[in-house]
Each structure stands twice: as C-alpha cells, then as structure tokens.
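Where a number appears in this text, it was derived from the coordinates with a stated rule and is not lab data. Only a predicted model underlies this, so the values are computations on that prediction, with no experimental measurement involved. Heads up, the Cβs are rebuilt from the backbone with ideal geometry, glycines too, and the neighbour counts pull from every protein chain shown.
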There are 2 protein chains.
Amino acid sequence: MASLTSPAVAEEGMWLPNAIPAAELKAKHGFEATPALLEHLQKSAVRFSTGGSGSIVSANGLVMTNHHVGSDMLAKLSTPERDLLKTGFLARDRGQELPCPDLELNVLWSIEDVTDRVNAAARGAADVAAAGAARRKAITAIEDESEKATGLTSEVVTLWQGSRYHLYRYRTYRDVRLVFAPETAIAFFGGDADNFEFPRYDLDCCFFRIYEDGKPLRPGHFLEWDADGAKEGELVFTWGHPGSTNRLYTADHVAFMRDVEEPMGLRRLWRSEVKQTTFMGRGAEEARIVREDFFGTQNGRKATQGLLDALQDPALVESKRAEEAALLKRLAGKPEAKDFEDGRRMVAESLEAWKRLAPDYFALERRMRGGELAGIARALLRMKAEDAKPSADRLPEYGDANRESLESGLYSPAPIYPQLEIERMTWMLSGLAEERGLDDPLVKRLLAGKGPRARATELVRGTKLADVAARRAPDMNDPMIAFMASIDADARAARKAWEDQVQSPQRDGYAKIAAARFAAFGDSVYPDATFTLRMSYGTVKGWTTEDGTKVPAFTTLGGTFTRAESRAGDPAFELPKSWIDARAKLSQATPFNLVSTNDIIGGNSGSPMVDAQGRVVGLIFDGNLDSLAGDVVFDMTRNRAVSVDVRGMLEAMRTVYDAGALVTELTTRGDAR
Amino acid sequence: MASLTSPAVAEEGMWLPNAIPAAELKAKHGFEATPALLEHLQKSAVRFSTGGSGSIVSANGLVMTNHHVGSDMLAKLSTPERDLLKTGFLARDRGQELPCPDLELNVLWSIEDVTDRVNAAARGAADVAAAGAARRKAITAIEDESEKATGLTSEVVTLWQGSRYHLYRYRTYRDVRLVFAPETAIAFFGGDADNFEFPRYDLDCCFFRIYEDGKPLRPGHFLEWDADGAKEGELVFTWGHPGSTNRLYTADHVAFMRDVEEPMGLRRLWRSEVKQTTFMGRGAEEARIVREDFFGTQNGRKATQGLLDALQDPALVESKRAEEAALLKRLAGKPEAKDFEDGRRMVAESLEAWKRLAPDYFALERRMRGGELAGIARALLRMKAEDAKPSADRLPEYGDANRESLESGLYSPAPIYPQLEIERMTWMLSGLAEERGLDDPLVKRLLAGKGPRARATELVRGTKLADVAARRAPDMNDPMIAFMASIDADARAARKAWEDQVQSPQRDGYAKIAAARFAAFGDSVYPDATFTLRMSYGTVKGWTTEDGTKVPAFTTLGGTFTRAESRAGDPAFELPKSWIDARAKLSQATPFNLVSTNDIIGGNSGSPMVDAQGRVVGLIFDGNLDSLAGDVVFDMTRNRAVSVDVRGMLEAMRTVYDAGALVTELTTRGDAR
C-alpha cells in the first residue's frame, strides 16, 4: 500500500503547476515539459465556482466540463415546464445560449510565494492561537492588496497543511452561458448503482461559453481536440482542481478520520439522503427541485463509504504507522526528528479539541444549513457587521477581495422554492433537537416554543428575502435575519474556538511535520489537494480486481445498450429516447468511457485529459471504487480515473444530438460557428 | 391534548379482553358487551408470530390479515422465478395452498392473574435487581408449569409497566398455508409516500388457512362478514394485538424518548434504509431478496419520524408535566402521592443507567444483528449452554415453554441468501467500527485483523449453518458459532446489567406510579400495549387537518385510478396489470378504504374491524400521520385508524382476481369450498 508520507511512487501525485516533476517525466516517459506547454495548459484550465473543473476548448470561449458539474446551473435554469436535467439542452445558435444566474469561472494567471510575509506577521505572537489569527489577517491583507493592484481575483493558498503560502491570481468570468447538455439519463446512466464503478457508459459532459463585454471570449489559450483519442498504454495528463486529500495526515489523524470524522459525516449523509428521498416521493415537482441536492448527497455518501471501507481495513493505519517509524529512523539524530514528533503531538492535541468543539462548530457555523434563505440571512447580517471594520479585520469571506463573488451569490436571481425551504429549515431545526435535546438553551431559543416544522413554516413564510430587491436593501428585522442574529454570537464564538484550538495548532503541527518530510525526501513530496490547479500524469490502462477479474480500459457506445438491457426495469438504467432512436445509426465500436492511472479526486470532475501534445483526448468524470481510498493513499495497482472518451462525445454529438456546429467548433482551430 | 395519565377519554383505549369498559359502552352507545360475544371475538382473533394480528373468518379455518403481515411468508415462499410479492397468489383449490415454512399463529384461550405469585417470589430480595431476577425466574416457572399442565402456549404478560402479571394461554397453530395475496403494487399502492396517509387506496389483505392434523381447522369460533360494510358514524370495534405504547410514561421518560431514544432509533433506521437501498440497486435479484426488510425499515422510519415530530413539539412534554402536577394535587395528603414521586425518581435514575449501558446492550445483545446465520449461530450456542440448566434458570427464550417456537425458527427451511448474509454481517461489523472505533478491544476481536467486508465474507463462506441438517447437529467449532462465542460473555454481561439497572428499577418505579394512578382514577386506566389482545372501539369518521382540509371517511375503488393517473411516472403508484385490465368492470363507487377513531398502533395491522354484531366490516392496515403520536398520547380529533373496507375487498376478489370460491367461503356460514 503506497502512501505519500514516503516520496511519490510512479504516476502518483497531484503536482503544483509551478512544481512539475519534469525530470522524472523526462527520464521515465521522454516527455518534455516545456514552459510554453505548461503555461498553455494552465491558462486553458478553468475552475468552476460550483466545485469542479473545466477547460477552454475553442477559440470562441467554449468551456467543457461534466454534466454533473454543470447540473447545478441546469437546475437553476429549469422550471416545472422546462426541465433541462430531464430533456437536455442544445443552443442551435448563440442567441439561444442561456445565461447562468450565478456561475463564476476562474483561470489561474499567476503564482507567487508569500510564505515569508505570512509567517512574518505571526512572529512574536503570544501563542499558537494568536499566531494563527495574525496569519489569517496577513492573508486577507495580501489578497486585498493584490486584488487592488492587479484587478485579478486573489487567493492565498495554504500548502502542505501550513508549511507554505502561495498567492494565486485568477482571471474571473461571470458572464457564462449554457451551450449543450445531454439528458441526465445518459449523463448519469446507471445512477448511484454505477457511480464510482467501471465499466461505465456515461456521456457526463456539458458545454458553456464565456462571454466578455457581451461577446464570446477570444481566449489567449484553449485546448485543441484530438479526434482520434488515446490508445491503451498512452501517457496522458489531467489539469484540474482536486478538492481535498489528506495523504500527509499523521497515522493518528487517519485513525481519527476512520473512527470519528468519517462516521460522523456518513451519519449526516444518511439522514439527508432519507429526508431528500421522502421529499422527492411527494410528487414530480418536489422531485425536480431537490434532485440536484439528492444526487450530491448520494455521491457524497458513496464516496465517504468507499473511503471508510478502505480506512476500516486495519492494515491501512498500520502501514501509516510503519511509514512514520521509517521516516523517524531516516531522520535519526537530525533536529527534524524532534520537529516531526512535536508536530505529531500538536496534531494529536488538536484532535482532542476537535471532539470537544465539533458539536457547536458544525451545528452553528460550518454546517449551519437551513436552506437558501437562511444562508442569505446570515450573509446579510454578517455583511453589515463586517463592513463596519477594515477589510483585513473582517471574516475573510466578507473581505474586499471576495466581495464580487459574495454579491454574485447573494443577489442571484436563481429560483427559491418555499416548500423546499420549509423542509430544509425543518431538517436543520429537528437535527439540532435530535443532537442536543429540546431542553438545550440554543434549541429552545431557535424553536421559540414551537415544533421544528411549525417554526420553519413561520420563518419561511415570514421572510421577504426570496425577493432579490429585499436583499439589496435588507430589513434587519426580517424574521429570518432576526433568527440568524439570535445565534450569531454563539456561532462566531464557536468559529473562533475552532480556529484557535483546532486549526491553528494543526497548521503549526503540520508545518513542523512538512519540514521533517522535506528534510527526508526533498521536493518529491507534493502537497495535499487544495481545490487549486494540479497536474497528474498516468497511462490509459485497465486493472485486475481483488477477486481476479480483468477490467479492460475502454467501453464502447454499443455496450451502453447491452448494459441497459441487462438492467431492464431499473429506472437508473433507462436510456433517453434520443439514444434509443439513434441506436442503429451510432457507430457501436466507438470508445465511450475509459480508465487511466491518473491520480485524481473529487473536484477533478470536468478536468480535461490531454495527450503529450496537450490535445484533449478525454474528460475526467469519476474514479473507480478503489480510487476512493485516494483521500489518504494512492494504490496504482487498482486506483483508476474514469473519463469520457473524445470519440464517444463526438459521435454522440453528431449522431444522437445533431450538434454538427459544436463538433466543428471543437475539431477545427478557427471559429466555425 | 389528551393523554392516558388522566383517565381515558371517549373512544380512547386499548382495553384488556377481560376488562372491557362495559358500563361506558352501554351508557354512551347502548352497546351490550355480553360474555358470549366477548368470548366469540377473543377466540376468533389471531396473533401472528411475524408481528401482526388477524382473525379466523370461515368455518374452515381461513385467516384474514394484512398483505404486509403476510409478506414475510410471501418472500420466504418466493424464488427468483416465482416472485409472489410481485405477482400475488391465489390457490384455486386446497391442493394449491402453500405451506408456510415457519409461521406460528396463536389464539388466546384464557387469562389468569398471577401477580401475587410473581411478587411473592421477590419478597425479601436484597435489592431491586435481585427482586427483578426473582420475578423473572418465577415467571418462567409459571409458564413452564402451565404449559406442562395444559399443553397450551403460556406467557406471563407484564401489565401497567410492572404493576400486574397475567398468565395468557394460547392455542398455537404451526401448519398454516397461503390461500390468497394480491400484488404488492396494489396491496402497498403509493408505497412510502402514502404510508400513514389518507386518502388511501390499498388492498392490504392476505388470507391463510390453518390446518390441524393435515385437515383444515374447524374452529369453535370464527367471524362472519357483513358484506354491506359500515356506515359513517357507525360504532366499530377492533380486536387485535397492539405492539407497544408508552402512554403511562412519566414526563421525564417521554422527554428522554424525545431527546435520546427515538433520535437514536432514527439514526439506525436511516443507516439501514440507505444500506438496503444501495444493495437493491445492484440488481433485480438483490432487490427481490432484501425488499421485505427494506419495506420494514421504511415503515419503521416513517413511524418513528412521525412520533418524533409529535414529541418535538414542546407542548407535548409540557402537557405531560401539567398532568403529573394535577395527579399529585389530586393525591395530596394520600400515601400514593409519595409512591408517585418515588416511582418517578426511580424511573429517572433508570434512564441515567440506560444512557450508560445502552451502547453495549444494544450492540452486543438486543440489536446484535449480523444476518440469519449469525442469529442461528447465537441460538445454537446459547441453547447448548442453557439446556444444561433447569428451565427456570435459563434465559427465558430458551425455557421449556418456548421450545417449540424456538425450534420452529431455528430449523426453518426458509431460504438463506449468502450475498445478503455477507451484506448484513458487513453492516453489523462496520456499524460497530463506526460506533466504537477500530482500536476498541471488542471490534478488534470481531474483525480479527481484517476489514468488515473481508471478515463477513470469510464467516459467511465458512459456516455450514445455511444447511438445516447442520443446525440440528451443530459443530460448535463452526466459524459463525465461534464468532458469536467470542463475544457471548460480554453480551450476557451487558444483558444482566441492563436487566438489573434499567429494567428492574423501571418496573418497580412504574408499579408505584400505577398504584398512584389506580388510587386517583380507579379501573379507568387501561395498561399500555404489550402485543397481547386488546379491544378498541370507535366510530367511522373523517377529520379536519391542521390547515383546515376536511378528509372524508371513505375512498372508492374508482379513486384508485385517479390517484394513479395523478402520480404517473412514479413507480410506487403504478397499478398492477390485473387492475388496469379490470378497470372497466369494477364498480367504481364501491368503498375501498376507510378511517375510524379506533385507538390502534403497530401490531394492530391485520386486526378485524367488526360492527356491534361482531361481523367483519373492515380490515385494519394503517393509521394516519396523526396516529403516530399515539405511542404517547391519543388525540381523538385527528388520530385515525385506516382499514380496507369489506366491500372493496369482495369486489376486487370477484372482479379483479376471479376468486369467487373465496368470496363464497367468506360470505356464507358453511363450507363452500
């Protein structure tokens, strides 16, 4: 069982765009990572504010991503009469492209190491908590300053869990329009049953277009398509935004995930899944408006369960402990051995604080979820309070650097459904009552003498915040704002306690541990994922399962129909009419989905998969079940990334969707539309 | 908000068959409860070992119950090729009737008060725990003695939470054969969405026949049918076996249910529901073999959620506290006031012990569920150990009085599915790991160095207990038996601690409280439900919902089709082909389902609803959402029982199922088949 506490093994790694393992790529694969190619790929990659990846794929600002990354927008653009998730969508000309209500796309423009400046701010701090606060303040100041100076969206990224700080600057686009999406029935063919599985048959793609000043963007960089796709064994790269990994966690921390954190997350997901399922059962419209959340919950549940399954093999934590012992042996006699042990102790202490503080922190702050209106109410309440302070003193999400993003969400015209809002608020209130009991002072305060559903109904019916105009000039006595105000002091206190007693000591601890790792292994240690741009490399390759089954690297379009027939009667395997009608015309042998050894994780969804020339050969949309352990370990023998093959995409666009203009735009360098 | 801490209000009450409120029935309804009629109804009522009620409804031992009570047998009688739940079943002659593998039906024959004998055994005991143990031992002795003397199944029932002990003797039948069941699609039309709702359109019925010595039973008593059904406002009775209520609980205990017990139960149900759903998603056969468990889980989840919704209204516990204050005021100056306060304190202390002991007790003993094979292994292990002792010293379920029931389950030829057994064992092991962490000594012992799934696979593949012959002469080194043996000492210790520190003090406390209530209210206090025969009376009557909607008392067969059309596309509302084909022939206006004010709860499913002459007018199958609070309070304004109308049943049997012979048997006194 490989792991990143030791140096990266072949094809493992989510590499920083400014720290590519160029020597290794050259030596092992003869691949030349030229600065021009790297810049080209970096500036063609796109980060979605809805939590996914994408890439610019035409001279006219066309952006490719997954259907399940775009689906949040598809839902927001839908009505009871026009259900884009069900029917799919194709703009026949630019005039038909649908503007998204609150989508933000970011393209990474530059990286600057600001570690010294961040750490300098903490020098001389009285304790770990004060040092952490000083660093957070310095970070906000750096971001504000950069944003003012460059006009670019500026974010300081914490790398190696607190060992380095890099300032990332992005070009940001907010006029984004929907161009093409297939039906969910084929984008997510097989549903939860086939999610994280392979063989797969999913057209999990979606296309948007960036506009600037009302015209399609003419990007400096975009990825060309290789209509011939990739071959088995070929070297391929992904450029995307893996959300989060924990491979550098101590063994104690991994055991804590296994015994505390992940089980807690699963319990929350099980509850949500059942609540959402029962809400969907009430009728077709209820099903439509909660479906996106529901898919998200199911996806999270399957991913978390897969990770927990891996963690609950006692061998996993044992291997982590063995690696720590080996590292200490390697550092024997060096001062970094003590750093490592100090760091490990600090992390262990922070986990005790975690257990103590988590109930309040999660309930009141981090996972305080009572629906859209509750979120808007909190944002309005805090914006007013925070705006009275200098930007660097505010909660970071209310700082100047983040203002445009904040307002884009806050004033979004996306629909809000009162019946769903009542449910969400009920789920939150009853959840607090389940966890704390009805005699808990906070629960009493929130329920105000009523049952959860009665209270939720009163709040949702009473608030004016469904109206965007009411958000722009909010009445601070609005019942939903008053509701959030009644716990704001507790919520802020819970956040501060968390930052001071969990987050800051953990960062300091991991900074010491990272120093020890660098001392032992040098630059071969890549940082854990941070939802920032990373490169992974790998090869197109099937695998052999634990019980000996050989899984081939490719599936075909024809296989889709066979799979549908073998699962007849299960709604998750019902093909859309467009595919049934086009069956005879489709080239059956065309590759549809494929697997490769690339090291990816959630957030990489929508990443382009490119060949050695930087041309698109696939579109990452999933990992296999074995990849779910990738949060803590990478096992190249079985961990696989799953992509849509360009050949399957093109054939489906041509034959099923009659989207010839889109195919032309993707396969020619110029502007064909 | 009415409640049974005060005396029963009109139409509330689950009355003991030997303590009917005859005077009140006479005064209010002019109803004469003659001993002959009461005996007739008592001896026509049937208790199902699978946890439901029924009644003998023909001179040839035909038994009526709900489809969802019979469905456990329908599943056990099904194969991948013959799915009785999907297709339904009708025996065209007696030779086609299908013998059930392990169903046991009980008819209550006599009741004897043994309170003095049970309490005498505890006199002079050193403490509450010793007194409890002495009582349990006395109970087993009484049951054994009765069984030996009479040949009747004998059970001592604890009433009023420990205030009285009654010996119930039953005639027991184990040769039971399936006669008729409709398709699940119409028996459970509307699925989880419509469960506990009204209006309803469900043919939730199922018919079995009791055989004795290879011939249909010629019962001394059976219920005739009134083919004209009941009218709105008519007085109706149910005779059935409500499983459990907690209306006599103290306010503290109800608050404990609300804050601790029910939320814990829901968390377990959410987990099971998601696990079963994902297992069903794997394929048609997986769906078939777990479907019954899944429906049970959904049903339990919706019932528990409904109860918790009621409990989380702060007014509920407040009303309980107010009633206790009123009771104490009424008893002011009497010694029973102190009894009440002592009892309340003892109950409160037992709840502290509950919290402390529940994790071990539930995990190792009461909810130790790792599948059929694990259950069989534990039974074989314990049977061997217990049989070495005199019956009165054994765990009660291994006593002589229970031997036939035990063996009927243990040696049942019902199918066992290895793939489902692996899942269930995995769910159990991973559940323990989630709750206790992998470093817990018990978890370590059970996993034996493997992950939960690997360990479960090894155990299920290794055991021989799927073979009934291997159970009759068990190898005590069988891996599954060895597995259960490895925790048996812990499990027994957890059970003893629970009995001594939770159960016994609670019984003593409630005995004091019951004494106080009897002093204040006399015999008008009926005991909480105990899955023994109870009579309820009520009237056929709709209700008005909280938001003012009037719900009529009856639905019609024709309404079924309208409902199906309004929910087209939802699989839970897809009618079976038999109904679609018969639509034109069916008399549309025939009453199908109805509601009445009868006080029922889970376990009453399958109870006959009879008119003042004791003739069947309906078949209880559900309660409305408001009835779910019935566990702790009865609110006659909205709590409704839901039944299938005899008229709907007969019309469907005649027209949809061509079951004329069955109709004749049900509607004539003699033997028409």
If a/c stays under 1.5 just call it rounded; otherwise compare a/b with b/c (prolate if a/b is bigger, oblate if not). Do that for region B:450-602, with a ≥ b ≥ c from the square roots of the Cα gyration tensor eigenvalues. oblate
Determine, from the Cβ-Cβ distance of B:GLU404 and B:ASP113 and an R0 of 41 Å, the FRET efficiency 1/(1 + (r/R0)^6), rounded to the nearest 0.05. 0.95
Quick one: what Rg and Dmax do you get for the protein assembly as shown from the alpha carbons, in Å? 33.7, 100
Give me the distance in nm between label points sitting 7 Å out from Cα along the Cα-to-Cβ direction at A:SER486 and B:GLU341, one decimal. 3.5 nm
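Once you have a ≥ b ≥ c as the square roots of the Cα gyration tensor eigenvalues for region B:171-295, tell me rounded if a/c is under 1.5, and otherwise prolate or oblate according to whether a/b is larger than b/c.
Values: a/c = 1.69, a/b = 1.26, b/c = 1.35.
Because a/c hits 1.5 or more and a/b fails to exceed b/c, region B:171-295 counts as oblate.
Let me know the charge dipole size of region B:115-172 about its Cα centre in debye, to the nearest 20, where only the beta-carbon of Lys, Arg (+1) and Asp, Glu (-1) is charged.
Numbers: 9 positive and 7 negative charges, 16 e Å.
Here the size comes out at about 80 debye.
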By Cβ neighbour count within 10 Å, fewest first, B:MET428, B:MET609, B:MET649 rank B:MET428, B:MET649, B:MET609
Just report the Cα centroid separation between region B:399-478 and region B:249-286, whole Å. 22 Å
May I ask you to derive the relative contact order of region B:540-673, considering only C-alpha pairs under 8 Å and at least 6 residues apart, and to give it as an integer percent? 24 percent
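Assuming R0 = 60 Å, what is the FRET efficiency of A:THR544 and B:ALA325, from their Cβ-Cβ distance, to the nearest 0.05? Don't skip to the end; give the middle numbers.
Numbers: r = 71 Å, r/R0 = 1.19.
So the FRET efficiency works out to roughly 0.25.
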Dipole of the protein assembly as shown (Lys/Arg Cβ +1, Asp/Glu Cβ -1, origin at the Cα centre): which of A:LEU410, A:ALA122, A:VAL156 lies farthest to the positive side? A:ALA122
Inter-chain Cβ neighbour average for residues A:275-282, partner chain, 10 Å: 4
Positive end of the dipole of chain A, charges at C-beta (+1 Lys, Arg; -1 Asp, Glu), about the Cα centre: which of A:THR245, A:TRP354, A:ALA589 has its Cα farthest in that direction? A:TRP354
Going toward the positive end of the dipole of region B:6-142, with +1 on Lys and Arg Cβ and -1 on Asp and Glu Cβ, which of B:LEU38, B:VAL57, B:LEU77 do you reach last? B:LEU77
Rank the residues A:HIS166, A:HIS253 as a footprinting-exposure proxy: fewest other Cβ atoms within 10 Å of their Cβ go first. A:HIS166, A:HIS253
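Once the convex hull of the alpha carbons of chain B is built, what does its volume come to per residue, in cubic angstrom? Don't skip to the end; give the middle numbers.
Details: hull volume 106.6 nm³, N = 673.
Given the Cα convex hull of chain B, per-residue volume reads 158 Å³.
Under a point-charge model restricted to the Cβ atoms of Lys and Arg (+1) and Asp and Glu (-1), what is the dipole moment magnitude of the protein assembly as shown relative to its Cα centre, in debye to the nearest 20? Don't skip to the answer; put the middle values down first.
On the way: 174 positive and 198 negative charges, 108 e Å.
Using Cβ point charges on Lys, Arg, Asp and Glu, the protein assembly as shown gives about 520 debye.
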Set of lysines with alpha-carbon distance to A:LYS585 below 16 Å, sequence-local pairs under 8 removed: A:LYS577
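If you rank A:ILE416, A:ILE210 by fewest surrounding Cβ atoms within 10 Å, what's the result? Don't skip to the answer; put the middle values down first.
On the way: A:ILE416 18, A:ILE210 23.
Lowest count first: A:ILE416, A:ILE210.
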Separation in nanometres of the label points that stand 7 Å from Cα toward Cβ, at A:ALA27 and B:ALA332: 9.3 nm
CD proxy, 222 nm, the protein assembly as shown: helix-only mean residue ellipticity via -39,500 (n - 2.57) per DSSP H run with n ≥ 4, per residue, nearest 500, stands at -14000 deg cm²/dmol
Whole Å is fine, so just give me how far the alpha carbon centre of region B:520-536 lies from that of region B:617-665. 23 Å
Taking the Cα centre of chain B as origin, sum charge times position over the Cβ atoms of Lys and Arg (+1) and Asp and Glu (-1), and report the length of that vector in debye to the nearest 20. 760 debye
Expressed in angstrom and rounded, the centroid-to-centroid distance over alpha carbons for region B:43-58 and region B:585-605 is 18 Å
With a ≥ b ≥ c the root eigenvalues of the C-alpha gyration tensor of region A:115-172, is it rounded (a/c under 1.5), prolate (a/b larger than b/c) or oblate? prolate
Just list whichever of A:LYS550/B:LYS76; A:LYS28/A:LYS302; B:LYS320/B:LYS541; A:LYS444/B:LYS334; A:LYS43/A:LYS231; B:LYS275/B:LYS389 have alpha carbons separated by over 30 Å in the model shown. A:LYS550/B:LYS76; A:LYS28/A:LYS302; A:LYS444/B:LYS334; B:LYS275/B:LYS389
So, with points 7 Å from each Cα along the Cβ direction, the A:ARG669-A:ASP439 label distance in nm works out to 7.7 nm
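Between B:GLU349 and A:ARG638, what's the calculated FRET efficiency when r is the beta-carbon distance and R0 is 45 Å? Round to 0.05.
Numbers: r = 54 Å, r/R0 = 1.20.
Rounded to the nearest 0.05, the efficiency is 0.25.
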What does the charge count around A:LYS512 come to, taking other residues whose C-beta lies under 11 Å from its C-beta (Lys +1, Arg +1, Asp -1, Glu -1)? 0
Closest approach to the A-B rotation axis by any Cβ of A: residue and distance in angstrom? A:TRP270, 2
Rel. contact order, % - alpha carbon contacts under 8 angstrom, at least six apart, region A:115-172: 26 percent
Whole-number percent relative contact order across chain A, with pairs defined as alpha carbons under 8 Å at least 6 apart: 26 percent
